[in-house]
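The values are calculated or read from the model by the stated rules, or taken from the named source; none is laboratory data. The shown structure was predicted, so the numbers you read here are calculated from the model rather than taken from an experiment. Counting neighbours? That spans all protein chains shown, and the Cβs are built from the backbone with ideal geometry, glycine included. The accessibility values were calculated without ligands, DNA or RNA, using every heavy atom of the protein model including side chains. Shrake-Rupley method; radii C 1.70, N 1.55, O 1.52, S 1.80 Å.
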4 protein chains.
Amino acid sequence: MKNAPFKGIIAYPITPFDENESVDLPLFKTLVERLVASGSHGIAPLGSTGVLPYLTDQEKEAITEATIQQVAGRVPTLVGVSNLTTERTIHHAKFAEKAGATAVMIIPMSYWKLTDDEIVKHYDAVASKISIPIMAYNNPATGGVDMSPTLLKRLLEIPNVTMIKESTGDVQRMHLLKRELGDDVAFYNGSNPLALAAFAAGAEGWCTAAPNLIPELNLSLYDAIQNNDLASAQILFLEQLNLLRFIVAKGLPRAIQAGLTILGENAGHLRAPLQPLTKIETTELSHILETTKVVFD
Amino acid sequence: MKNAPFKGIIAYPITPFDENESVDLPLFKTLVERLVASGSHGIAPLGSTGVLPYLTDQEKEAITEATIQQVAGRVPTLVGVSNLTTERTIHHAKFAEKAGATAVMIIPMSYWKLTDDEIVKHYDAVASKISIPIMAYNNPATGGVDMSPTLLKRLLEIPNVTMIKESTGDVQRMHLLKRELGDDVAFYNGSNPLALAAFAAGAEGWCTAAPNLIPELNLSLYDAIQNNDLASAQILFLEQLNLLRFIVAKGLPRAIQAGLTILGENAGHLRAPLQPLTKIETTELSHILETTKVVFD
Amino acid sequence: MKNAPFKGIIAYPITPFDENESVDLPLFKTLVERLVASGSHGIAPLGSTGVLPYLTDQEKEAITEATIQQVAGRVPTLVGVSNLTTERTIHHAKFAEKAGATAVMIIPMSYWKLTDDEIVKHYDAVASKISIPIMAYNNPATGGVDMSPTLLKRLLEIPNVTMIKESTGDVQRMHLLKRELGDDVAFYNGSNPLALAAFAAGAEGWCTAAPNLIPELNLSLYDAIQNNDLASAQILFLEQLNLLRFIVAKGLPRAIQAGLTILGENAGHLRAPLQPLTKIETTELSHILETTKVVFD
Amino acid sequence: MKNAPFKGIIAYPITPFDENESVDLPLFKTLVERLVASGSHGIAPLGSTGVLPYLTDQEKEAITEATIQQVAGRVPTLVGVSNLTTERTIHHAKFAEKAGATAVMIIPMSYWKLTDDEIVKHYDAVASKISIPIMAYNNPATGGVDMSPTLLKRLLEIPNVTMIKESTGDVQRMHLLKRELGDDVAFYNGSNPLALAAFAAGAEGWCTAAPNLIPELNLSLYDAIQNNDLASAQILFLEQLNLLRFIVAKGLPRAIQAGLTILGENAGHLRAPLQPLTKIETTELSHILETTKVVFD
């Protein structure tokens, strides 16, 4: 298999802000530490959860450095470097490599729907400028473009594009990837409510913000799959399904920030236009978190 | 759990026609016998595969009787009795019960999109006229209406509506059913390419036309799930995925008829407007069947 | 231009039932007479509005004969003869021709999604058995298949397929038809809320159930278009938009039956599973009818 | 009516780059001059056509100033100031006002799907910081969020939100806006292939990149509408439909840049990942431009 340095639960920290909407780096490090300490198998800053597109170049660089310092090699790091222009994507990919990232994640962010050739050229341009592995990320809902299995296959011909993250929310797509790509290439699931189906389909890992709130359940699900114990995996998955659906429905940064607060953690503020959950939504989340935790009593 | 007399692989026979497009009853019985003999756990005539909507009332009754005679109690039978009007649905449900069917399957066929209340009233009217269990079938693609988990829950309050067949092709829907309905109600998967994900989600059985062509693989997948052996289930599923996708893409009656012919069986003719697979499609199917069989060598 | 014997407002009667859900033929004739008397330019029984798919063969034949008797040549008649099987479609098309219909309308009703070749073969088989013109009807929502402009062009190569009825609800499709087919072929709009856009795109006529309730407004809109008076057409269209949207949203047979009753007409009963509008819906419709009529004071 | 300083054809210039992918300001001014000289009724820089999201803050400011200098008050200017964060949107809106823009256009750019409350708060925050009118722009395809007529109505309660630009591509939406908002609020069409239907529905203007290539046809269509001459408008629209569909299908910046080059104009380069049209696409565009011009011979 190609160089795929991730497996299991890859945790996505939020990017917290202070009351003036400036990035709160010390708090960010605290939140990263929680994820590492709780047993996550990888840390992925500057994803959708980390509101990558809402940050300035300087803020992205500071978050990258803070992550790598805090993780300190205990688990691999996957830094998001996606940008609308090829030039800026290269810039951030090079920065991440120099800062010590294990790998970078790139979604072909698309205002104008890109052609397949434009996407290949984009990845190729970035890949030729760095040596660490690239995870190609397919998420039509946030990226605006749906990369077909055929296109993903073309991307994987680029030597350091070695991993696929799939977030179409369609388990069929994962079956096709597995069938097309065989055991040669690792694919990862980025759709929370599809976690069980994706592992059943052969996903190597699960990219998720849920470990900010329920790390034990996320890790237990992965363990059950590793033990080839589908019956337990099904029970563990159903236990966390309500929470997974809630955080996706409300938007990961808003929902995770509210959830951390409910759990007694400082989670800082959001950057506008994002606003905190409403009171009703917060009450609903509190209830879900309480009932979800019962299993551990 | 409510009375749910099916589990495992529920096989759907095609309805074969002679060269004048009349139903070929002797051939139908032969095809049913093949399905029973190959180990299928249930037989379901007059489904989509059996081109139910293309048949006259008399033909439906003849097929019902032929099935029950041929199966002769060896496995349970699930007879499709769906009709656009409530009056005709009652007629066929009563006929099936009197003929000895184990249960009937009803999809709310919909030319005019029915309201939830209309659907409940429809099921209620039929259910009150028979004593055998009813499987409520949700398939927006063929039935034209998508029954929400909330509506399905209402239907299940009718005493002899005891089973759900889900064919939206969305594994999320199955997770929701499992969460909402718990272990009280059995749900069945009707989407072939979702077979693995559905079993992982807790489906009691798989309603499928595939046993006409690859019964061993279908049964082995179910066995692996029964043995809580996800790793084997994944391999067995990937082995049959190409075939499952092909028969769905080409339409089950056309694809199964062609497949049976390739396997050397007499499969009769189709009724217009349905036409046989093209030569290119037939060649593709031959190739899929050959490669799919390799696993048994 | 090919033989296209319709233009303007083509009115669709409902099929009324008595309290035992039997077709009420005398009442049907009364409702047809209202449509002719109010100035409609054509009468189209056995459409979606006339619940064609819920009727037996005998009922369809009786409705066909009743229409032609009642209309008595005052305006052209367009009889719906669509059926899932080719054989039954031919049967009803021949019956309609012999009964004296001006033309027949055929939608490729589709339980199993038909291929383009199957659809062409279907129309060809029917067309070769009759001499009157055929209107090919495209309505993915009720027919289950979306006929592309390319496929429609193939159908128009059949000599007596001379008209297209478009109900995708997409005005783009009409522009494409106009561009592709030029002035050679007449196309008709079947999407009520698209009436203005369709006339602007060059539709020859509007197939609609609305004349059962607001014939003057429907006819005035057509007159404005005939007078090349877009400004008036826009005002007249906005005046009737609420009603058009309501009858589509609630289903034409249910909404027209309720509307007629509100207007003091006997509209009979519906056939189950269709149920009357709820009380709240009826109140809403009453309000819309009242406000819509203000323009005529 | 609220203050709506635009009507007719509002032309969108591309943002040209030099061979190093730097913005070419002198060339930009030349392209703006062409649009003004050809008779466009308004100029709208920094739209989708102007690749707003691919530009740095400095580049956006330079484009804003260059536009206002070049237009020099001959027609009104509509400057795009949309940004993912509220803070940056305010920054650019204030800059545009100070530079002399007639109005600003704001789409709620959305990586994370915003709630209605978040969107209202976003517009409110920007509106309170400027005095010039705001055009609220609804385009789910590029903005990622679909603003309902109800939400748009809420936005219009903000005093200087005075105009709506609709690009859902659904003429129904425009009818609803007209019905809901009456003559109080101006709405503009942003969907090129819907130009005729939108004018028929009462649009005040058409926001389009097409005047870069076929200004006479765009202006003639508007004139026909102004003259209440639907018959001519239909002919003029069908004449330009192929071109309108092509530029939308290929992406406006790529298609306009290619079209200008075909017409003998210097159109500069694109910024990666955007790539020039392929040779085949360019040939197709040449053919469309040639056939489209025939009408003027």
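A few points about this structure:
- Flag for D:Lys29 being away from every other protein chain (no Cβ under 14 Å) and either farther than 16 Å from D:Ile256 by Cβ or not in a helix (DSSP H, G or I) (or both): yes
- Hits in the range B:269-287 (condition: touching a residue at least 40 places away in the same chain (Cβ under 8 Å) and open to solvent by 20 Å² or more (accessible area, probe 1.4 Å)): B:His269, B:Leu270, B:Arg271
- Residue in the range B:94-116 that is on the phi < 0 side of the Ramachandran plot, in a helix (DSSP H, G or I), surrounded by 19 or more Cβ atoms within 10 Å (Cβ to Cβ) and among the small types (Gly, Ala, Ser) present: yes
- Selected residue (criterion: most open to solvent (accessible area, probe 1.4 Å)) from residues of the range C:1-26 that are free of Cβ contacts under 8 Å to residues at least 60 places away in the same chain and assigned to a loop (DSSP other than H, G, I, E, B): C:Asn20
- Residues that are touching a residue at least 40 places away in the same chain (Cβ under 8 Å) and either in a loop (DSSP other than H, G, I, E, B) or within 13 Å of chain D (Cβ to nearest Cβ) (or both), drawn from the range A:32-45: A:Ser38, A:Gly39, A:Ser40, A:His41, A:Ala44
- Taken together, the residues in the range B:226-245 that are over 20 Å from the mean Cα position of the chain (by Cα) and of a type in the set (A, V, I, L, M) amount to 6.
- Only listed residue being of a type in the set (Gly, Ala, Ser) and open to solvent by 10 Å² or more (accessible area, probe 1.4 Å), chosen from B:Gly205, B:Gly190: B:Gly190
Residues are listed down the side, and each one gets a yes or a no for (1) touching a helix residue (DSSP H, G or I) at 6+ places or on another chain (Cβ under 8 Å); (2) more than 17 Å from C:Asp124 (Cβ to Cβ):
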residue: C:Glu61; (1), (2): yes, yes
residue: C:Gly73; (1), (2): no, yes
residue: C:Pro76; (1), (2): no, yes
residue: C:Gly80; (1), (2): yes, yes
residue: C:Thr85; (1), (2): yes, no
residue: C:His91; (1), (2): yes, no
residue: C:Pro108; (1), (2): yes, no
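- For the range C:222-244, the criterion of being open to solvent by 10 Å² or more (accessible area, probe 1.4 Å), assigned to a helix (DSSP H, G or I), within 14 Å of chain B (Cβ to nearest Cβ) and touching a residue at least 12 places away in the same chain (Cβ under 8 Å) is met by none of the residues.
- Among (1) free of Cβ contacts under 8 Å to residues at least 12 places away in the same chain; (2) within 14 Å of chain A (Cβ to nearest Cβ), the one test that D:Lys98 misses: (2)
- Positions within the range B:131-166 being over 11 Å from B:Ile107 (Cα atoms) and not in a helix (DSSP H, G or I), in sequence order: B:Ser131, B:Ile132, B:Pro133, B:Ser148, B:Leu156, B:Glu157, B:Ile158, B:Pro159, B:Asn160, B:Val161, B:Thr162, B:Met163
- Under the condition of being among the hydrophobic types (A, V, I, L, M, F, W, C) and more than 11 Å from every other protein chain (Cβ to nearest Cβ), the residues counted in the range A:185-199 number 3.
- The lone exception for A:Glu87 - which of (1) within 12 Å of another protein chain (Cβ to nearest Cβ); (2) under 17 Å from A:Ala209 (Cβ atoms) it fails: (2)
- Every pair of residues 6+ apart whose Cβ atoms lie under 6 Å, when the first sits in the range D:110-123 and is at the interface with chain A (Cβ under 7 Å from one of its Cβ atoms) while the second is assigned to a loop (DSSP other than H, G, I, E, B) and among the β-branched types (Val, Ile, Thr): D:Lys113/D:Val145; D:Leu114/D:Val145
- Among residues of the range A:50-74, those that are more than 11 Å from chain D (Cβ to nearest Cβ), surrounded by fewer than 17 Cβ atoms within 10 Å (Cβ to Cβ) and of a type in the set (S, T, N, Q), counted: 2
- Qualifying position, being in a loop (DSSP other than H, G, I, E, B) and facing chain B (nearest Cβ under 10 Å), among A:Gly202, A:Gly182: A:Gly202
- Test: residue in the range B:33-47 that is farther than 20 Å from C:Trp112 by Cβ, open to solvent by 30 Å² or more (accessible area, probe 1.4 Å) and in contact with a strand residue (DSSP E or B) (Cβ under 6 Å, 6 or more places away or on another chain): yes
- D:Val248 fulfils the conditions (1) open to solvent by 30 Å² or more (accessible area, probe 1.4 Å); (2) under 20 Å from the mean Cα position of the chain (by Cα); (3) within 14 Å of another protein chain (Cβ to nearest Cβ); (4) free of Cβ contacts under 8 Å to residues at least 24 places away in the same chain except for a single criterion, (4).
- Output for the range B:153-179, where each listed residue is open to solvent by less than 10 Å² (accessible area, probe 1.4 Å), in contact with a Gly (Cβ under 9 Å, 6 or more places away or on another chain) and within 12 Å of another protein chain (Cβ to nearest Cβ): B:Met174, B:His175, B:Leu177
- In the condition set (1) more than 30 Å from D:Pro276 (Cβ to Cβ); (2) touching a residue at least 60 places away in the same chain (Cβ under 8 Å); (3) within 13 Å of another protein chain (Cβ to nearest Cβ); (4) not hydrophobic (A, V, I, L, M, F, W, C), A:Thr142 is compliant with all but (1).
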